[in-house]
Amino acid sequence: MKKMVGIYCVDHHVDKDMPLCASCREFLDYAERRLEKCPYGEGKPTCSNCPVHCYKPAQREQARKIMRYAGPRMLLRHPWLAIRHQLDGFRKARHPRELSRKERLASNKR
């Protein structure tokens with residue numbers, strides 16, 4: 001998400017000297033807080049395959065806008081991350097309530 005927000009911010013906001021503008025920094029902080037609370041942890045599936053929608057509607061729309069813009073550009077700027085993300089999109093995720101206690105604890109430790 002950091003790379004995508006960085007691509008989006010540099011191309012859409014005026015202040016090119018700073019790595020991220022205030023609104024993009026605020027969104028990225030929000031995304032990181034949501035990831036910390038995610039029941040899947042770092043092993044989270046892609047948002048399109050995730051049964052748990054953890055963003056508020058406004059932030060979800062902002063994330064969608066950022067990903068739609070930055071996604072295709074990731075192939076040129078960060079090809080390995082883009083390929084990994086595409087491959088990760090094939091992985092199906094079970095709802096956290098379907099996971100056993102042991103599986104939930106293991107996913108939070110990642």
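Things worth noting here:
- Peptides ranked, highest mean first, by Cβ atoms within 10 Å: ranges 74-81, 5-12: 5-12, 74-81
- Scoring 65-71, 82-88 by mean Cβ neighbours within 10 Å over their residues and listing the highest first yields 65-71, 82-88.
- Shape class for the stretch 1-93: oblate, because the ratio a/c of the largest to smallest gyration tensor axis (alpha-carbon atoms, square roots of eigenvalues) is 1.5 or more and b/c is at least a/b.
Bear in mind that the values in this text are calculations on the coordinates, not laboratory data. Quick caveat: nothing in here was measured; it's all calculated off a predicted structure. Virtual Cβ from ideal backbone geometry, glycine too; neighbours counted across all protein chains shown.
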